[in-house]
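Novice: After the structure tokens below, expect a handful of questions from me.
What follows is calculated from the coordinates using simple rules that are stated; it is not laboratory data. Keep in mind it's a predicted model, so treat the numbers as computed, not measured. Reconstructed Cβ throughout: ideal geometry from the backbone, glycine too, with neighbour counts over all protein chains shown.
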Amino acid sequence: MLKGNVALITGGSRGIGAAIAKKYAALGADIAIVYAGNAQAAEEVCRACEALGVQARAYRCNVADFEECKRAVAAVKGDFGTVDILVNNAGIAKDGMLAMMSKDAFDQVVDTNLKGAFHMIRHCAPLFIRARKGCIVNISSVSGLMGNAGQCNYAASKAGLIGLTKAVARELAPRNIRCNAIAPGFIQTDMTAALSDAPLVQAIPLGTMGAPEDVADAAAYLAMAKYVTGEVLRVDGGLAM
């Protein structure tokens, strides 16, 4: 159970992030939703969490901006007192073949998916270190494990997130701070809505796409697994085995 914990979840207004927020709320954690643009969706997730008997608030922040992340973490600390669990879920995709990909398309994906996670970890770390406890869950992807044609920017950002996870886990373990990653496969979200007939989907051993709640279950496990750090947990129906 997570009662008494405050969980900060980026990209929490929809899809995987919203499912994780609701799962953590069901386990008793108070919820801070960080969102990029859709305030109404973020508030709806907050109301769903509050209906489960916890506190929940939403904070607008572009995670690619170091100073905005600093202000968001400070606002969460001001409202809730601390942060105990950080979930770096915010992510974007700008797919395209390497030979045609613009510099901006590469930079924007890396800035959000990889640097955004660094920004949030960097600003939450002092809170974790002071408390001598903390949990970080980074949402990577099987694309970062396998690579995927047409996603060199996305795959690079998600592979980098795995390296970041392992380095942070080693550095912060002496302070009782854990850092793990989840590598989802094809999950039914807005980002994958057009992929139901893609060849890779047909190659999933379990024969179907996953649901956001499948990733949320893994995130709940990692939030409570006190002797697990530096791990990359695949939630992919066997796609990357």
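Novice: Greater than 22 Å separation of Cα atoms is the criterion. Which listed pairs, LYS70/LYS226; LYS22/LYS166; LYS70/LYS115; LYS3/LYS70, meet it?
Specialist: Going by Cα-Cα distance, LYS70/LYS226; LYS22/LYS166; LYS3/LYS70 fall outside the 22 Å limit.
Novice: Let me ask another. What residue among ALA218, VAL235, ILE136 has its Cα farthest toward the positive end of the dipole of the chain, where the charges are +1 on Lys, Arg and -1 on Asp, Glu, each on the Cβ?
Specialist: Result: ILE136, furthest along the dipole toward the positive end.
Novice: Under 13 Å Cα-Cα from LYS77, which aspartates and glutamates qualify once same-chain neighbours fewer than 8 residues away are excluded?
Specialist: Correct list for LYS77: ASP30.
Novice: I would also like to ask the following. Using a Gaussian network model on the chain with a 10 Å cutoff between Cα atoms, which of LEU164, LEU27, LEU98 fluctuates the most?
Specialist: Comparing LEU164, LEU27, LEU98 in a Gaussian network model of the chain, the most mobile one is LEU98.
Novice: Can you give the relative contact order of segment 55-175 as a percent, counting alpha carbon pairs under 8 Å and 6+ residues apart?
Specialist: Value for segment 55-175: 30 percent.
Novice: Just name one of GLN151, MET120, PHE186: the one whose Cα is farthest towards the positive end of the charge dipole of segment 112-190 (beta-carbon charges, Lys/Arg +1, Asp/Glu -1).
Specialist: MET120
Novice: Provide THR165, THR82 in ascending order of the number of other Cβ atoms located within 10 Å of each residue's Cβ, fewest first.
Specialist: Ordered from fewest to most neighbouring Cβ atoms within 10 Å, THR165, THR82 come out as THR82, THR165.
Novice: Given a 10 angstrom Cα cut-off, can you work out which residue in ILE136, ILE187, ILE204 is the most mobile in a GNM of the chain?
Specialist: ILE204
Novice: Another question, if that's okay. Using θ = phi - 60° and the Karplus relation 6.51 cos²θ - 1.76 cosθ + 1.60, list the HN-Hα couplings for segment 138-149 in order, rounded to whole Hz, with x at every Gly or Pro.
Specialist: Residue by residue, segment 138-149 yields 9, 8, 8, 6, 5, 4, x, 8, 9, x, 7, 4 Hz.
Novice: Quick one: in segment 114-159, what % of C-alpha pairs are over 15 Å apart?
Specialist: The calculated P(r) of segment 114-159 puts 52 percent of pairs beyond 15 Å.
Novice: Still on this structure, I have one more. Express in nm, to one decimal, how much length is gained between GLU67 and ASP217 on full extension, taking 0.36 nm for each residue of separation and deducting their alpha carbon distance.
Specialist: Going from the current span to full extension adds 50.8 nm.
Novice: How large is the Kirkwood hydrodynamic radius of the chain, in angstrom, based on all distinct alpha carbon pairs?
Specialist: 17.7
Novice: For LYS103, which aspartates and glutamates qualify as cross-link partners when the Cα separation must be under 17 Å and same-chain residues fewer than eight apart are set aside?
Specialist: The reachable aspartates and glutamates, counting only those whose Cα sits under 17 Å from LYS103, are ASP95, ASP111.
Novice: Among MET224, MET100, rank each residue by its count of other Cβ atoms within 10 Å, from fewest to most, as a rough exposure measure.
Specialist: MET100, MET224
Novice: At q = 0.18 Å⁻¹, what log₁₀ I(q)/I(0) does a Debye calculation on the Cα points of segment 1-83 give, no solvent, two decimals?
Specialist: Results for segment 1-83 at q = 0.18 Å⁻¹ read -0.64.
Novice: According to the Kirkwood expression over distinct Cα-Cα pairs, how big is the hydrodynamic radius of segment 55-172, in Å?
Specialist: After inverting the mean inverse Cα-Cα distance, the result is 15.0 Å.
Novice: Now for a separate question. Compute for segment 125-241: radius of gyration divided by Kirkwood radius, i.e. Rg/Rh, restricted to C-alpha atoms, rounded to two decimals.
Specialist: 1.02
Novice: May I pose another question? Under a GNM of the chain (C-alpha, springs under 10 Å), which listed residue has the highest mean-square fluctuation: LYS23, LYS226, LYS133?
Specialist: Looking only at LYS23, LYS226, LYS133, the largest GNM fluctuation is found for LYS226.
Novice: A further question follows. Which whole-Hz ³J(HN,Hα) couplings does segment 227-241 yield from phi under the Karplus relation 6.51 cos²θ - 1.76 cosθ + 1.60, θ = phi - 60°, glycine and proline marked x?
Specialist: 10, 10, 8, x, 8, 10, 9, 6, 10, 9, x, x, 4, 9, 6
Novice: I'd like the distance separating the alpha-carbon centroids of segment 52-70 and segment 76-111, in whole Å.
Specialist: Centre-to-centre (Cα) distance: 13 Å.
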